[in-house]
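Trainee: Handing you this structure, nothing more for now.
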Amino acid sequence: MFKLFNTFVISLMWMSCDAGRKMERNVVSVATSTGEVVTAEPTTTEMATTKLPSKLVQKIQEVWNKVDDKYAVSSLGVAAFILLWSSTRVISAIDRLPLIPSVLKLVGIGYTGWFAYKNLIFKPNREVLIAKIKDLYKYIIESS
């Protein structure tokens with residue numbers, strides 16, 4: 001009965017892991033010739049040396065420790081998440097309306113045609129567009 005319960009608990013632990021990944025336990029088990037199982041847990045120094053956080057996590061921690069107003073940054077993060085979530089809801093609601101997606105596609109096709117006619121077909125207009133793009137590129141590179 002106890003073995004069945006252990007199997008049940010282990011299967012629950014396996015299912016609660018992210019996408020079926022194995023859980024890390026940092027426990028060494030050895031079966032002896034008599035059938036006994038001897039387990040040894042590592043010391044805290046062994047655990048500290050075996051599991052180092054990634055460089056990304058360290059960089060995030062450094063940046064977070066440099067922030068003076070953590071409340072404002074956290075509030076901005078939550079507000080950005082809410083804004084992103086609500087904007088996806090609005091876009092999906094607009095997409096469900098009967099004629100709006102088709103009208104927006106036609107507007108996009110029309111604007112693309114107008115842009116190509118105005119800027120890409122004739123060589124002088126194309127050179128002006130290329131010059132504008134190069135100026136914008138220089139402005140962005142110099143400001144950063």
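A quick yes/no check of all residues on (1) in a loop (DSSP other than H, G, I, E, B); (2) at pLDDT below 60; (3) open to solvent by 100 Å² or more (accessible area, probe 1.4 Å):
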residue	(1), (2), (3)
Asn26	yes, yes, no
Phe81	no, no, yes
Thr88	no, no, no
Val103	no, no, no
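Trainee: While we're on this one: Answer yes or no as to whether Gly113 is at pLDDT 95 or above and within 30 Å of the chain's Cα centre (by Cα). If you could, list the steps in order and put the result at the bottom.
Mentor: Working: at pLDDT 95 or above: yes; within 30 Å of the chain's Cα centre (by Cα): no.
No; evaluated as a whole, the condition is false for this residue.
Trainee: Pro98 versus (1) over 30 Å from Ile133 (Cβ atoms); (2) surrounded by 10 or more Cβ atoms within 10 Å (Cβ to Cβ); (3) not β-branched (Val, Ile, Thr): which is the lone unmet condition?
Mentor: If we test Pro98 against (1) over 30 Å from Ile133 (Cβ atoms); (2) surrounded by 10 or more Cβ atoms within 10 Å (Cβ to Cβ); (3) not β-branched (Val, Ile, Thr), just (2) comes out false.
The values are calculated or read from the model by the stated rules, or taken from the named source; none is laboratory data. Keep in mind that what you see is a predicted model, and the values were worked out from it rather than measured. Cβ: placed from backbone, ideal geometry, glycine included. Neighbour counts: every protein chain shown. Only protein heavy atoms, including side chains, enter the accessible area calculation; ligands, DNA and RNA are left aside. Shrake-Rupley method; radii C 1.70, N 1.55, O 1.52, S 1.80 Å.
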